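Here is the structure we will look at, set down as structure tokens.
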Amino acid sequence: MAEQRIVITIDENGKINASTEGIKGEMCLDELQELLGSLEELQYISKTDEFYQANELKSQNKIQNKKQ
Amino acid sequence: MSAVVKTITPFINKEFLLQALDAIGCKYTLQGNEIITERVDYYGNQKFVLINGRFQFQHDSSANREQYPWRNLNVKEYKTVSSFLVAVESKYHYFYNLKMEELEKQRQEEERIRLENERKAFVEKQKESIIAKAKEKGYSVKEENVKGKVKLVLVRNTY
């Protein structure tokens with residue numbers, strides 16, 4: 001059993017900061033896109049080495065998007 | 001022959017006019033649409049009467065003379081009708097401007113509150129949308145408030 005964890009912080013202006021743990025490769029971005037909607041206004045993305053390891057159990061991505 | 005005529009500002013607002021009279025120390029009584037002052041000339045109390053949307057000052061036309069025999073003059077420094085009306089006008093402007101400033105501050109405050117509410121509503125909607133989608137996808141959702149920020153911790157177990 002593997003745990004998938006997403007931590008999302010919304011600041012008082014609506015800016016979002018999100019990070020994932022335990023979601024493989026590109027799936028973590030897909031998951032965030034589904035939860036947060038459009039990621040077109042993405043301001044920053046940081047991919048860890050794990051992100052590129054498709055079979056790795058843990059991948060961590062941090063994204064921060066701009067408020068509309 | 002030519003002439004130059006200058007009028008004072010029409011007193012159209014009763015509230016400002018009363019405030020102006022108070023400010024210069026002119027006592028008065030109210031009677032319907034009349035503001036009756038304690039300045040008494042030959043014909044009786046001088047008064048402001050609402051006519052055609054403005055308070056017109058009714059008085060003995062001779063009361064513009066410095067040596068006019070007043071029956072009662074409650075504000076001694078304004079011995080002529082003109083000087084009295086100029087003083088009232090000055091205070092009338094003062095209270096009018098004060099009210100305008102107050103309304104402007106009030107308008108700005110209302111606008112600030114409206115924008116603040118708009119922002120809060122947006123953030124709330126954003127949060128609710130994420131929570132709903134997360135639950136649909138099988139995540140358990142824990143919500144915290146950290147230093148004014150909303151923190152959502154979504155956890156899901158996969159096999």
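For segment A:10-21, how many residues are free of Cβ contacts under 8 Å to residues at least 40 places away in the same chain, farther than 11 Å from B:ILE130 by Cβ and within 8 Å of chain B (Cβ to nearest Cβ)?
The initial filter retains those residues of segment A:10-21 that are free of Cβ contacts under 8 Å to residues at least 40 places away in the same chain, namely A:10-12, A:21.
Those left that are additionally farther than 11 Å from B:ILE130 by Cβ: A:11-12, A:21.
Applying the additional criterion that residues be within 8 Å of chain B (Cβ to nearest Cβ) yields A:11-12.
Total satisfying the criteria: 2.
Scoring B:VAL141 on the criteria (1) aliphatic (A, V, I, L, M); (2) more than 9 Å from every other protein chain (Cβ to nearest Cβ); (3) under 30 Å from A:LYS24 (Cβ atoms); (4) assigned to a helix (DSSP H, G or I) leaves a single failure, condition (4).
Apart from one condition, A:ARG5 fits all of (1) at pLDDT 90 or above; (2) part of a loop (DSSP other than H, G, I, E, B); the exception is (2).
On the basis of being among the aliphatic types (A, V, I, L, M) and surrounded by 11 or more Cβ atoms within 10 Å (Cβ to Cβ), does B:ALA134 make the cut?
Working: among the aliphatic types (A, V, I, L, M): yes; surrounded by 11 or more Cβ atoms within 10 Å (Cβ to Cβ): yes.
Yes.
Among the residues making up segment B:62-93, those that are more than 15 Å from B:THR7 (Cα to Cα), part of a helix (DSSP H, G or I) and modelled with pLDDT of 80 or more are B:SER62, B:LYS91.
Name the one entry in B:LYS147, B:LYS120 that is at positive phi and either at pLDDT 95 or above or at the interface with another protein chain (Cβ under 10 Å from one of its Cβ atoms) (or both). Talk me through it step by step, then tell me what you get.
Working: B:LYS120 fails: at positive phi.
So the residue among B:LYS147, B:LYS120 that is at positive phi and either at pLDDT 95 or above or at the interface with another protein chain (Cβ under 10 Å from one of its Cβ atoms) (or both) is B:LYS147.
When segment B:27-60 is filtered for residues that are touching a residue at least 40 places away in the same chain (Cβ under 8 Å), crowded, with 19+ Cβ neighbours inside 10 Å and closer than 24 Å to B:MET100 by Cα, only B:PHE55 remains.
The values are calculated or read from the model by the stated rules, or taken from the named source; none is laboratory data. Predicted model, so just to flag it, every value in this text is computed and none were measured. All Cβ positions, glycine included, derive from the backbone under ideal geometry; neighbour counts span all protein chains shown.
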